[in-house]
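Heads up: the structure comes next, in structure tokens.
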Amino acid sequence: MADRRHALAGVLAVVALAVSGCGGSSDPAVSVVAGTDNGGYHGAHLDDPYVVPDITLSDAEGKPYSLAKDPAPLKIVFFGYTNCPDICQAVMSTIASAVTRLDADQRKQVQVDFVTTDPARDTGPALRTYLARFDPAFIGVTGDLTQITALAAPLKVYVEKGKKLPSGGYEVDHSTYVFGVTGDQAQLVWTQGTSPAQMAADMIRLLHS
């Protein structure tokens, strides 16, 4: 099992570098994960889950918030930023569509957490406005970039401080996969290409596991 986890970690590292910057669309590494035998899951199931560190950040209302201590039975976690020009919106749309496929009882057990990788610009109001496009119940999470990086590292998430582009724009490099977290453990990883139906099916299975 350890060998499988190490192999997956290597693939995720490649994905992180290949689709960082919210500018990539697809990569062969994504297909490697998607094509892995994961015991019936559409995402990549971690036999040895990644542990989510207990780091206190803030939600969009300014209240202390810890992903590890959130009592929701299932947390769907994505690292992104509100000014991301393309991929973040596509991923969040997939998550939002997946959630709508759950029944009322299942929906109550699922919490979606959007962790900003651009805390300098993603204020509480900015996060609330952005997430309202998808589902106002989604939680925006922010804090010091050092804290966010510390939260991301054990999950093999790549986050880099934003940089100016020659065009005058602003880009923040980060990984683009989504985690299914129970308690303080990331059990499942979804990559680009996962459909809302597939993600919803995995959510339901995680709730019943």
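Nothing in this text is a laboratory measurement; each read-out follows from the coordinates by a stated rule. Remember, it's a predicted structure, so these values are computed and weren't measured experimentally.
Key figures for this structure:
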item	result
Amide H contacts under 5 Å for Val112, placed H, 5+ residues apart	Ile76, Ile139
Residues with amide H under 5 Å from that of Leu67, placed H, sequence gap 5 or more	Ile55, Leu57
